[in-house]
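*Asks:* Got a structure for you, questions after.
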Amino acid sequence: MGQKVQNKQMTMGDTLGLGFMTFAFFLGAGNLIFPPLAGFMAGENMTLAMIGFLITAVTLPLITLIAVAKANGKVMGLLPAFAATAFAVAIYIVIGPAFAAPRAGLVAYEMGFKPFLEDSSATFMVAGITLNVSQLIYSVIFFGGAMLLSLYPGKLLDSVGKVLTPIMLILLVGLAASVFLLPGAEVGQAVGDYQSSPLTKGILEGYNTMDTLASLIFGMLIIDILRRKGVSDSKQQTKYLIRAALIAAAGLAFVYISLFYLGATAGDIAVGADNGGVILTNYVNHEFGSLGQILLAAVVTLACLTTVIGLVTACSEFFNELFTKISYRKFVILISVICATVANVGLSQLISISVPVLYTIYPVAIALVAVTFLTEKFSMPEFSHRIVLSVALLFGVIDGLKAAGMDITLTDFMPLHNEGMAWLLPTALTILACLFIKKPKSEPLLN
């Protein structure tokens, strides 16, 4: 009986469902709000900016999922236990209740619900904090729904991969087709950093999707879902995870390219927009009126809901393993409540707070993926992992503090320091040095 479970194969339908579920987990708030604004600002330099964005928002998450599969979910296994736990906790907090999940709820409210309200300005005060009534009610309902679906992780493949995502994909294909068939205006002029360094700016914009960080936790979540489906052989898990990653990457690239083009050809529709969600909403209103607004609301709400379900599930499973006395279900409820609370901060404020944190943590995540692939090439893998990640963290902290507005000149002599990527060269050189370090030969024992 055990052998039967060990070698269980997934059907083509299950594999597609897994890929769609992975795509749905990734396609959330940042994936919809950042590309249109980036495309609008990049203008004539859209192609280079888009390539940069696709590097950090599609290629890196794909490679990260493959790295997680390769390490059988144990990408931090060569780090000291305390450091591995601290880094994992930081990622789960950033990607879960602190930023990514509340941001998804906020975008769902801003784009999927608020446009249908005649008046959304009603507020009230609690402990000196001004809260928006409609936003608070929506947050409770939205995260309550995500909580109920997250309570049953074994059914995620069926509920998300086979039901919610296909509906969302049909709506997205319709939106993408309209973008290319009905462009709003001619491609405009590049502005800001997109004039001088569109590729680098695109790479940094891709950070904001948080998808490389999400890959580290979604990879482990997918392996867990495969185990629940009876696929317990590690080689089989790797095979299915890679297939799911490729399906998700293709879907994300399709969405980003169409949204970049939408932004670049938005023209007057995008004037004065402070985030891509406004551009997307204005475009749909302009081209399709109220029916288009309803379809967009459905796409955004489904995209954000499926992402939050994935994040709440992954975070709850992680913290349940860390604090075994508190049940998985209690963590689902706790994290959902925190997300609903943080979601009442406001979209622009949440994005501005998250940028310095991402500048700090992303270099470590990227370095971790790189050393995971090179583990077998290092003569001293444990030492190499630790020194490379230490260097990435050191320079990441400096980049993060600079992004927060602190006047730090330590790295001003280094390449890419102005772009917030001073970490890249020292981290790459450390990896290179570790590849050439030879293990010291042990002295022969004397008789």
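*Asks:* If you take the square roots of the eigenvalues of the alpha-carbon gyration tensor of region 67-198 and sort them as a ≥ b ≥ c, do you get rounded (a/c under 1.5), prolate (a/b over b/c) or oblate? Numbers along the way, then the final one.
*Replies:* Details: a/c = 1.43, a/b = 1.18, b/c = 1.21.
Rounded, since a/c falls under 1.5.
*Asks:* Percent of accessible area on the chain owned by carbon and sulfur, 1.4 Å probe?
*Replies:* 67 percent
*Asks:* Here's something else I'd like to know. Roughly what angle does helix 100-112 make with the longest principal axis of the chain, taking Cα atoms, 0 to 90 degrees, to the nearest 10?
*Replies:* Its long axis makes an angle of about 20 degrees.
*Asks:* Which of the listed residues, Ser348, Pro36, Leu394, is farthest toward the dipole's positive end in the chain, when Lys, Arg count +1 and Asp, Glu count -1 at the beta-carbon?
*Replies:* With unit charges placed on the Cβ atoms, the residue in question is Leu394.
*Asks:* Hand me the chymotrypsin sites (Phe, Trp or Tyr not before Pro) from region 283-391 located in a DSSP loop with no more than 12 other Cβ atoms within 10 Å, in residue order please.
*Replies:* Listed in order of number, the matching sites are Phe323.
*Asks:* Continuing with this model, one more query. Whenever you get a sec, line up Leu65, Leu424, Leu54, Leu48 from highest to lowest accessible area (probe 1.4 Å, protein heavy atoms).
*Replies:* Leu48, Leu424, Leu54, Leu65
*Asks:* Anyone know which of Phe34, Phe142, Phe124 comes out most mobile in the 10 Å Cα GNM of the chain?
*Replies:* Sorting by GNM fluctuation, first place goes to Phe124.
*Asks:* Can I ask one more? Within the chain, which is the longest segment containing none of the GluC sites (Glu not before Pro) that sit in a DSSP loop and have at most 15 other Cβ atoms within 10 Å?
*Replies:* 187-447
*Asks:* Exactly which trypsin sites (Lys or Arg not before Pro) in region 310-349 are in a DSSP loop and have at most 10 other Cβ atoms within 10 Å? Write out the running numbers ahead of the final one.
*Replies:* Details: sites: Lys325, Arg329, Lys330; in loops: Lys325.
Sites meeting the loop and neighbour criteria: Lys325.
*Asks:* A follow-up question, please. With the dipole of region 193-303 worked out from charges on the C-beta (+1 for Lys and Arg, -1 for Asp and Glu) around the Cα centre, which of Thr281, Leu296, Leu252 lies farthest toward the positive end?
*Replies:* Working it through, the farthest residue towards the positive pole turns out to be Leu252.
*Asks:* While we're looking at this one, here's another question. Would you mind working out the magnitude of the charge dipole of region 32-173 relative to its Cα centre, with +1 at each Lys and Arg C-beta and -1 at each Asp and Glu C-beta, to the nearest 20 Debye?
*Replies:* 540 debye
*Asks:* Something else: Size of the dipole of the chain about the Cα centre, Lys and Arg at +1 and Asp and Glu at -1 on the beta carbon, nothing else charged, in debye to 20?
*Replies:* Once rounded to the nearest 20, the dipole reads 2000 debye.
*Asks:* Could you state the angle between the C-alpha long axis of helix 198-207 and the longest principal axis of the C-alpha atoms of the chain, as a value from 0 to 90 degrees rounded to the nearest 10?
*Replies:* Computed tilt is about 80 degrees.
*Asks:* Shape of region 326-425 from its Cα gyration tensor (a ≥ b ≥ c, root eigenvalues): rounded if a/c is under 1.5, otherwise prolate when a/b > b/c, or oblate?
*Replies:* Because a/c hits 1.5 or more and a/b fails to exceed b/c, region 326-425 counts as oblate.
*Asks:* Tilt of helix 234-264 relative to the longest C-alpha principal axis of the chain, in degrees (0 to 90, nearest 10)?
*Replies:* 40 degrees
*Asks:* Rounded, prolate or oblate: which fits region 197-264 when a ≥ b ≥ c are the square roots of the eigenvalues of the alpha-carbon gyration tensor, with rounded for a/c under 1.5 and prolate only if a/b beats b/c?
*Replies:* prolate
*Asks:* Oh, and also: Only helical DSSP H runs with n ≥ 4 go in: add -39500 (n - 2.57) per run for the chain, normalise by residue count and round the 222 nm mean residue ellipticity to 500 deg cm²/dmol.
*Replies:* -23000 deg cm²/dmol, from helical runs alone.
*Asks:* Going by accessible area, probe 1.4 Å, with all protein chains left in place, what is the ranking of His286, His385, His417, largest first?
*Replies:* His286, His417, His385
The values are calculated or read from the model by the stated rules, or taken from the named source; none is laboratory data. All figures in this text were calculated on a predicted structure; none of them were measured in a lab. Because the Cβ atoms are built from the backbone with ideal geometry, glycine has one as well, and the counts that use them run over all protein chains shown. To get the accessible areas, we keep the full protein, side chains included, count just its heavy atoms, and leave off ligands, DNA and RNA. Shrake-Rupley method; radii C 1.70, N 1.55, O 1.52, S 1.80 Å.
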